[in-house]
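Structure first, commentary second.
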Amino acid sequence: MSAVFPTVREVLALDPVRHGAPRVVAGDAGLDRPVRWVHVAEVPDIATLLGGGELVLTTGIGLPADDAGLRAFIGDLADVGVSGLVVELGRRYVSGVPRVMIAAAERRGLPLVELRRATPFVRITEAVHALIVDAQLTELRAAEEIHQRFTELSVEGADAAEVIRQAAELSGCPVVLENLSRQVLGYDPAGESAELLLDGWEQHSRRIRPAGRTAYDPDSGWLVTVVGARGQDWGRLLLRWPAGGDASSARAGEPAVAPPTRLTILIERAASTLALGRLIRRDAEGLERQLHRTLLTALLDHSRPVDEVALRAKALGVALDRRHLVGVMVRQRADDPAGEGGPEAGQARLRDLSEAVGQALREAKLTALTSAVDDNSVGALLALPDPAAEDRALSAFAHALRRVRLDAGTGRAAAGDFSRGGVPGAVIVAAGSGVSNLREARRSLVEARQVAEAARRDRRALPIFRLPHVGLAGLLHLLRDEPRLQTFVERELGPLLQYDAQHPRERLLDTLRAYLEQGRNKSAGAAAAHLSRPAFYERLARIARILDVDLDSVEASLSLHVALLALEAVRTP
């Protein structure tokens with residue numbers, strides 16, 4: 001029940017109730033139950049007319065005279081889920097309610113309260129109902145503020161950090177954004193300790209299992225909603241309630257109080273804003289560069305018909321029809337290469353790189369669409385006369401780019417571009433497979449971008465990186481932010497990760513890794529895991545049961561091994 005309703009304890013503190021000199025005679029452990037409504041009743045079978053959450057007021061004049069009837073009356077009220085029973089003394093019961101009622105209420109945990117002075121029930125109902133209505137109006141106002149705040153954030157294109165900060169500020173609760181592999185993408189501790197909030201997050205998060213797309217998990221105290229757009233879910237947004245900790249902060253024996261409706265609205269609006277923000281792209285470039293970028297983006301995103309792209313490119317002087325096309329990506333090895341100065345300096349470095357790529361293409365006498373495609377990369381689609389010219393053109397471009405960067409004054413750093421990966425300012429040149437028509441150009445561009453990402457982990461001195469140079473681990477690393485890869489990891493290893501989160505000492509994931517890395521040789525795997533063979537065999541059998549797979553199957557083991565490599569890639573920055 002929503003926290004918008006007052007509790008029995010709060011009702012007893014109201015002036016009209018205090019006027020009656022209330023005394024709790026049973027069920028004091030249930031005084032924090034919420035009161036949904038107040039109902040006056042003088043008949044013994046009132047329970048059939050109630051829906052739960054009511055505080056029942058009575059003088060007792062219509063209650064049964066026998067002990068069995070009183071026990072049944074209390075039992076019926078407890079079964080229907082009333083919040084409590086208040087009995088005014090003086091008409092039916094003078095000195096106090098019968099002991100049998102007290103015993104029955106105590107046994108069922110139902111708050112039983114005596115009013116030792118006569119009190120008009122209408123004043124109690126008016127006071128409580130006014131409290132409920134005021135609280136509901138407060139909830140409506142809060143919901144309206146949430147709507148306005150997140151609408152503004154959506155229109156402004158606010159980044160994820162700002163959306164999370166606003167959610168934490170409006171709720172007063174810690175907020176965490178994670179991806180599908182339970183890696184933290186952003187958080188705001190709302191004034192609490194960030195270290196305590198994030199310590200062991202992945203294992204903790206795997207124990208948070210709400211029932212539904214947006215739901216509250218009372219065992220952990222987290223309100224959770226899924227984040228995604230256009231049918232593609234890519235994360236979860238979590239808000240901890242109560243604000244002071246998890247459900248363990250509730251009084252012993254009482255269920256955790258669910259968060260108010262406004263917090264459910266808040267977290268869903270925040271998730272929608274995050275999903276929308278991920279779709280928004282903004283750019284500020286010169287007209288010609290913007291046109292080049294528009295066309296490259298159209299090829300990558302399928303946002304324009306291919307024939308239109310070819311026509312507009314031809315108008316820019318770049319003929320793409322009946323050409324051999326090769327996608328190329330040039331990117332900084334480091335996301336924030338040497339030098340400080342914040343975002344403006346980063347944009348300047350990207351602009352310099354974009355100009356260097358354009359000049360190198362001109363010096364190598366190559367025709368291409370070229371533009372920055374993200375904060376660290378410059379893309380190019382080379383248009384060559386025939387496939388035989390591919391290797392020669394790429395080699396000429398790589399050497400021209402090195403020469404241009406040297407002439408531009410990047411000095412020794414540029415000289416190490418293709419030999420020393422750790423050099424500040426070093427770049428990677430990657431190329432995709434050549435294609436014969438514009439409809440396949442996207443594949444070459446995407447391949448080049450993937451190779452460039454994966455090559456960041458490669459320290460070989462190569463002037464051009466191609467797909468054969470990228471191993472499986474590198475390929476999975478560059479796909480680590482892809483929700484479908486994260487979904488694959490969860491599908492293959494989710495039950496085992498869940499088990500390890502609940503039994504951290506057993507580390508069955510390490511056992512599986514040792515087995516697979518030793519080529520499914522159980523003796524070698526046991527030695528690598530520093531376990532006796534019987535213990536190692538028993539763990540493998542347990543893993544097979546948890547994952548419901550046959551570890552002797554080559555196909556199943558291969559799938560699990562790829563999932564393990566993908567998990568490592570997801571966990572590696």
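The values are calculated or read from the model by the stated rules, or taken from the named source; none is laboratory data. Given the structure is predicted, the values throughout are model-derived calculations rather than measurements. Positions of Cβ are generated from backbone atoms using ideal geometry, with glycine treated the same way; all protein chains shown enter the neighbour counts. Quick note on the areas: whole protein, heavy atoms, side chains included, nothing else; ligands and nucleic acids left out. Shrake-Rupley method; radii C 1.70, N 1.55, O 1.52, S 1.80 Å.
Points to keep in mind about this one:
- Estimated distance in nm for a label pair at ARG459 and GLU440, the labels positioned 7 Å out from Cα along Cα-to-Cβ: 3.7 nm
- Segment ALA130-GLU162, length gained on full extension (0.36 nm per residue, minus Cα span): 7.8 nm
- Rolling a 1.4 Å probe across the protein heavy atoms gives the chain an accessible surface of 49 Å² per residue.
- FRET efficiency, ASP15 to GLU355 (Cβ-Cβ, R0 60 Å, nearest 0.05): 0.20
- Cα centroid separation, the range 553-573 to the range 432-483 (Å): 20 Å
- Which label in (i) 208; (ii) 198; (iii) 185 gives the computed volume of the Cα convex hull per residue in Å³: (i)
- Angle between the chain longest axis and helix 554-571 axis [Cα atoms, degrees, rounded to 10]: 80 degrees
- Averaged over residues, the count of other Cβ atoms within 10 Å places the peptides 385-395, 77-87 in the sequence 77-87, 385-395, highest first.
- Difference of contour (0.36 nm per residue) and Cα-Cα distance, SER303 to GLN502: 67.1 nm
- Relative packing of peptides 130-141, 17-28 - highest average C-beta neighbours within 10 Å first: 17-28, 130-141
- Taking a sphere under 14 Å around the Cβ of ASP45 and counting the other residues whose Cβ falls inside, with K and R at +1 and D and E at -1, yields a net charge of -3.
- Helix axis angle, 67-80 relative to the chain longest principal axis, alpha carbon, degrees: 20 degrees
- ALA389-LEU509 FRET efficiency (beta carbon distance; Förster radius 45 Å; 0.05 resolution): 0.35
- Coupling constants for the range 185-197 follow from the phi torsions by the Karplus curve (6.51 cos²θ - 1.76 cosθ + 1.60, θ = phi - 60°), and in residue order they are 9, x, 7, 9, x, 6, x, 8, 6, 5, 5, 5, 5 Hz; glycine and proline get x.
- Residue separation of ARG141 and GLN203 scaled by 0.36 nm, minus their Cα-Cα distance, works out to 18.6 nm of gained length.
- Within the chain, helix-based [θ] at 222 nm, where runs of 4 or more DSSP H residues each add -39,500 (n - 2.57), nearest 500: -15000 deg cm²/dmol
- Distances between placed amide hydrogens fall under 5 Å for ALA190 paired with VAL175, all partners being 5 or more residues away or on another chain.
- The long axis of helix 441-455 is offset from the longest Cα principal axis of the chain by roughly 80 degrees.
- Long-range HN-HN contacts of LEU185 with modeled amide H, under 5 Å: LEU177, GLU178, ASN179
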